[in-house]
Amino acid sequence: MRAIIEIQVRDNNIDQALRALKKKMQREGLYREMRMRRFYEKPSERRRRERAEAIRRYRKLLKKKMERDEL
């Protein structure tokens, strides 16, 4: 279970509080999770997607390491 996201409203500035809430939700990955949960995903499709994401992250990490080693 996730912790509840809490935002303080200061000086009745709702716009600022809303921006802070959106930023926190983005950082926590809630928007992405809501989009993923909109439709049912078969377990086999989920495994395939997660494997592809892991490969993408690994390749990105390797690319960063290669760029760092060049300098």
> From the residues in the stretch 32-46 that are assigned to a helix (DSSP H, G or I) and over 25 Å from LYS22 (Cα atoms), which one is most open to solvent (accessible area, probe 1.4 Å)?
Replying inline: ARG46
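Confirm whether ARG68 is within 18 Å of the chain's Cα centre (by Cα) and either among the charged types (D, E, K, R) or not in a helix (DSSP H, G or I) (or both). Let's see the steps before the verdict.
Working: within 18 Å of the chain's Cα centre (by Cα): no; either among the charged types (D, E, K, R) or not in a helix (DSSP H, G or I) (or both): yes.
Considered against the rule, which asks whether it is within 18 Å of the chain's Cα centre (by Cα) and either among the charged types (D, E, K, R) or not in a helix (DSSP H, G or I) (or both), ARG68 comes out as no.
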> Just one of the numbered conditions (1) in a helix (DSSP H, G or I); (2) within 16 Å of the chain's Cα centre (by Cα) is not true of ILE5; which one?
Replying inline: (1)
> Just one of LYS24, LYS65 is at negative phi, open to solvent by less than 100 Å² (accessible area, probe 1.4 Å), in contact (Cβ under 8 Å) with a residue 12 or more places away in the chain and among the charged types (D, E, K, R); which is it?
Replying inline: LYS24
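The values are calculated or read from the model by the stated rules, or taken from the named source; none is laboratory data. Note that the structure is predicted; figures quoted are calculated from it, not measured. With ideal geometry, Cβ positions are generated from the backbone for all residues, glycine too; neighbour counts draw on all protein chains shown. These area figures cover heavy atoms from the full protein model, side chains too; ligands, DNA and RNA do not enter into them. Shrake-Rupley method; radii C 1.70, N 1.55, O 1.52, S 1.80 Å.
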